[in-house]
Every structure is written in C-alpha cells, then in structure tokens.
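J.: Would you mind keeping the following structure in view while I ask a few things?
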Amino acid sequence: MTADQALYVPSYTADDQDVVSELNARFGAQAFVTQATRTGMPVLWVSRDQLLDVLRHLRDLPRPYVMLYDLHGVDERLRTQRRDLPGADFSVFYHLISIERNSDVMIKVALNEGDLNLPSATGIWPNANWYEREVWDMYGIHFSGHPHLARMLMPSTWEGHPLRKDYPARATEFDPYSLSVAKQELEQEALRFDPAQWGMKRQREHEDFMFLNLGPNHPSAHGAFRIILQLDGEEIVDCVPEIGYHHRGAEKMAERQSWHSFIPYTDRIDYLGGVMNNLPYVLAVEKLAGIKVPLRVDFIRVMLAEFFRILNHLLYLGTYIQDVGAMTPVFFTFTDRQRAYTVIEAITGFRLHPAWYRIGGVAHDLPRGWDKLVRDFIDWMPKRLDEYEKAALQNSILRGRTRGVASYNTKEALEWGITGAGLRATGLDFDLRKARPYSGYENFEFEIPLAYNGDAYDRCMVKMGEMRQSLRIIRQCLDGMPEGPYKADHPLTTPPPKERTLQHIETLITHFLQVSWGPVMPANESFQMIEATKGINSYYLTSDGSTMSYRTRIRTPSFAHLQQIPSVIRGSMVPDLIAYLGSIDFVMADVDR
C-alpha cells in the first residue's frame, strides 16, 4: 500500500448497529440473540450450524470485517447473571474488526458440556490457528478441521484444562509436587520435536533437511521462546514457533483476585509497559462501574503511559540494533532509560512495575517538583534520538541487513491480526489514540508515523517516529496539566482519597470493605482496547455481580505477531530471521500471559 492508496478510517461509533441490520437481512433476525453489554460493540449469539456462514459473510461484506482480533472461550457453568441468554455450559466468542467502518462485532456460540465441538475458522482467517489451539488447551473445546490441534501454553503432557471453573486455581489445591527421574525423562522426551507431526519432511529427493532449535534460551529469541527451523543449508524452508515457557495463568489469577487487587498482575503482562498495562484494565472496570474520571486523571495517565512507550521503544531500539550486530547503541539507550525511570520513580514511587493506576484515578497526586523533572527529560531526548538515527539507523550495514527483509503488506498484516508499528509500517494509518480516542487522547495534538515497505527497517523507523510524538504529547501534558482531583468521586473508586476516610465514617467503612473484600461490580460485560507499546492490548471483562471477575480475557499484540512468523520468513536466510525477530518488538510475558 502506498501513501496514495492509504485506507480511509472513519470516525469511531460505539455500538454501531449497521452490521446487525446487514446480518438480519442476510440470515433473518431469528438467527441471532442480541446481548446487551458495555463492550462498545454489537454482541450476537448464533447457532453452531450457522457460525462459519456468518463469519464468512462478515469477512466478505463490501465493508468487510477483515481482522479476527480475538477468539476465546468462557466456562458459563457457574454464571448466575446470564440475562436471558441462550443456555450454555461453555461459550466461544469471535471478536472481529472492520477498518473501513472503524467498528467491531462479536459473535458468540453456546456449547453443551457433552458436545464441545466447533468447526475451525482457520479457512477464513489464518490466525484462528493459535487462538483455537489455546481454547482447546484451556477449555478442552475441539475444533474440527483444525490443521494441528495441540497444546499451546501448557506442556503436551499436561492433564486437564486450566480455565475451566472446576480446575484448581492455587498450588495448595493440588497434591504436593514431586519429580522422579522417570517423570523428568518423560518430560524431556516430550520436548523432542517430531517433524512428521507438523507435516514436515526430513528430506527431498537429493538432500536432507536440518532441523535447528533456536531457543528457548537464546539472546536473539528475546525471552523463553523456541522456534524450530527446517533448513536447507542457510535457507529457512519452514519453521514452528513454540510458546508457553513463560505462561503464569494471568487470566486464571484474575478469577481469584478482587477487581482492585488484580491491578499489580496487569503490570507483568508486557513487563516493559509498566502502567500502560494498567490502563485498559482500569478503563474496562470503570465502564462496568459507570465511573467518569476527572480531566486531570486523564492527563496524568496519558503522560505516564507515553513515558513507558518511550522506555519500551528505547530498549527495543538498542536490542534491535544489537541483534543486527552493533554493540554500542544499547548502552546509550539504557542510559536514557535510566533518566526516564528517574522521573517515573519520583512520580509513582516505583520504576519497572509501578501498578499506579487505580479504579477511578491514580494512586496519589503528582508530587512537588514533577514538572521540572519532566521538562528536563523532554528537553534532553530529542537530540539523543537525532544521534541514534544518524549514527545507527542510517548506517549502511544496518540498512543492508534490514531493508526488504521480512516484509509483508497491509492485507497480510490484517489477516494475521497484526497491530501497532507492524501494521502502520505497511502504510495503514490506524492508531487507536486517533482512530478511537480513549483516556483523553482527543485533547492532544500529535501525528501517526507511517512507513510503506512493511519490512524490518520500516518497523524500526515507525517506532522512532512514535518516540518523537510521545515527547510531543508529554510536553502538552506538562504545559496543560489541569487542576482538580486525582480520583473520581464515586463509591466504587478504590481506594477512596485518604483525607476523606479521616473525615467521613461512611467513606472509612467503604474503604474497609473494598480493601478486605473488594468492590462489587454490576453484572455485565465490558471491553477496552488501547494502543499499547507493542500494538493493541485489550481487556474483556465479565462480571457476575461479585467482588471478583467471572472471566478476564487479556488479548495481547505479541501473541498474534509471533504466530505470523512462518508465513513471513519462509525462503529467507537464518540471519534474516534474527533481524525479523528483533524488529517485531515482543516479550514472552506478553505472549504467554
């Protein structure tokens, strides 16, 4: 896609009902059960028999739903507040995005516990592959026609499906763990890669292929990530990415934490994103609670989120250049990160994982002297970015290693669920901060950096441009920070302002209850996506009218980005894969959750 061919993205309209009318016209209104939610999109239940026809119709509309953004399941068996929805022991949802409409739709299917079977959607969207594997792994729901339905996040030897409601959530609920020599050997053998299971041949007519493990412990793998390469000399014939080594069960943990106490867990999803991880979660909870935060809260949240965007991109820049072979820049980028962390620590009290956003606001107000620290940083960084671009990114060796490497176009990116810089490097101007402003981003002037080749070099240059725009946003926060409270005046804000607990007995009682048991959120569903450091990150929350989430779905960008690797890298050389991995910008905690 070129600049002249750039796709027009209309203004966002929540709960856009046009698609409902189109579906009713094609299938009849009786084919759907409409669910009222606070997700900001139409939510429609369909029968299993019509599922693929509905999904294919949505993909092929004149203004199509081009991206399967998310696909996962829910164990409905203990849910009490189902609001006249179809009877279901389990359900599977399909979240679709249309760029041309700038709107979403969610399709749900109800399943009986004795018949957990669905047809695979991999023939409609290729990225359904990993999502269906994860649903099978977590819930035991089978997808007929799937090319390789195997464990995704759990080891192949694992027994049970962890996100079912009857599966234990704590280690103390299991028998004591022991690892015998025989069991260790069994686990080790299960890790051995068998090409035949993946339909891969060991040889051609006149040559044998070599199979090479890259990872799960390798500096170029950027975490505990394993990718098995099928090689013909240096050429990559095919490959199989393998994830799950960093899986901690974050979505399961959410079912055992109060709405408030889960906030620190969000920090550990993209562990380089800091408070950026808190933002979609607290915004989704605030939708459930009906909380409108003060303008000052929006400005503070945006400022800190953009600080962490810069922190993430600086680490990305240094390690990306290091992967290609230049050692020096990473030491300079880490020096600049320490300057940024000085500001973060002064404002929040913490550095890597502040867990500082709260339901209804932030933990405390900005401290005295914050403005000088912020101004010093944003005055310092632009000239440093100029140096990086001149000394490293204009280097002929780096350009030669990355230009034209691992390129893909907009159509391919959307089919694989690619978001963030990886999508904008193909020329598509789609950034949620502009396309669907949240948390007050509509109050700021900034531009969306684009590139058009969709290769490893362009992905890096887009992120360079994003850092400059983040500095621009932070300066506007500094110069225009409004007065006002740092928390909303709402009974479900947690915790309430300290001074009010000392003055009002009702507030003190509420504070005691919310800290010990947690706030009770109305029974409903809500959803919030944000433009995070690595792409679009979102939280889809289901409340059953309790102090804890009934279901928390965390959709991360890195999961989709790693699934795309084989389709992009086939036919390339091993060094191209290293440059490609570096250009993606992923961390395994963001993939595995």
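FYI, it's all coordinate maths here, none of it is from the lab. All of these numbers come straight from a predicted model, not from anything done at the bench. Glycine gets a Cβ as well: all are built from the backbone with ideal geometry, and neighbour counts include every protein chain shown.
J.: Please work out how much length the chain gains when fully extended from Thr80 to Ser156, using 0.36 nm per residue of separation minus the C-alpha to C-alpha distance, in nm with one decimal.
T.: Full extension from Thr80 to Ser156 adds 24.0 nm.
J.: Another question, then. With a ≥ b ≥ c taken as the square roots of the eigenvalues of the C-alpha gyration tensor of the range 1-154, please select rounded if a/c is under 1.5 and otherwise prolate if a/b is larger than b/c or oblate if it is not?
T.: oblate
J.: For the pair Ser567 and Phe334, what calculated FRET efficiency results from E = 1/(1 + (r/R0)^6), where r is the Cβ-Cβ distance and R0 = 45 Å, to the nearest 0.05?
T.: For Phe334 and Ser567, the calculated efficiency is 0.85.
J.: Restricting to the chain, what percent of DSSP beta bridges are antiparallel, rounded to 5?
T.: Given both bridge residues lie in the chain, the antiparallel proportion sits at roughly 85 percent.
J.: Pop a pseudo-label 7 angstrom from the Cα along the beta-carbon direction at both Ala169 and Phe512 and give the gap in nm to one decimal.
T.: The answer from the label model is 2.5 nm.
J.: For Lys201 paired with Asn117, estimate the spin-label separation in nm (one decimal), with each label point 7 Å from Cα along the Cα-to-Cβ line.
T.: 3.3 nm
J.: Can you tell me the dipole magnitude for the chain around its Cα centre, using point charges on the Cβ only (Lys, Arg +1; Asp, Glu -1), in Debye to the nearest 20?
T.: 1140 debye
J.: A follow-up question, please. Assuming 0.36 nm per residue, please report the length gained on full extension of the stretch Arg375 to Ser144 beyond their Cα-Cα distance.
T.: Going from the current span to full extension adds 77.4 nm.
J.: Further, regarding this structure: So what's the net charge close to Gly422: Lys and Arg +1, Asp and Glu -1, counting the other residues with Cβ under 9 Å from its Cβ?
T.: +2
J.: Over the chain, what is the relative contact order in whole percent, taking alpha-carbon pairs under 8 Å and six or more residues apart?
T.: Computed value for the chain: 18 percent relative contact order.
J.: Over the range 9-144, what is the relative contact order in percent, taking alpha-carbon pairs closer than 8 angstrom and at least six residues apart?
T.: Dividing the mean separation by the residue count of the range 9-144 yields 25 percent.
J.: Would you calculate the separation in nanometres between label points at Glu447 and Glu412, each defined as 7 Å from the Cα along the Cα-to-beta-carbon direction?
T.: Simple spin-label model gives 2.8 nm for this pair.
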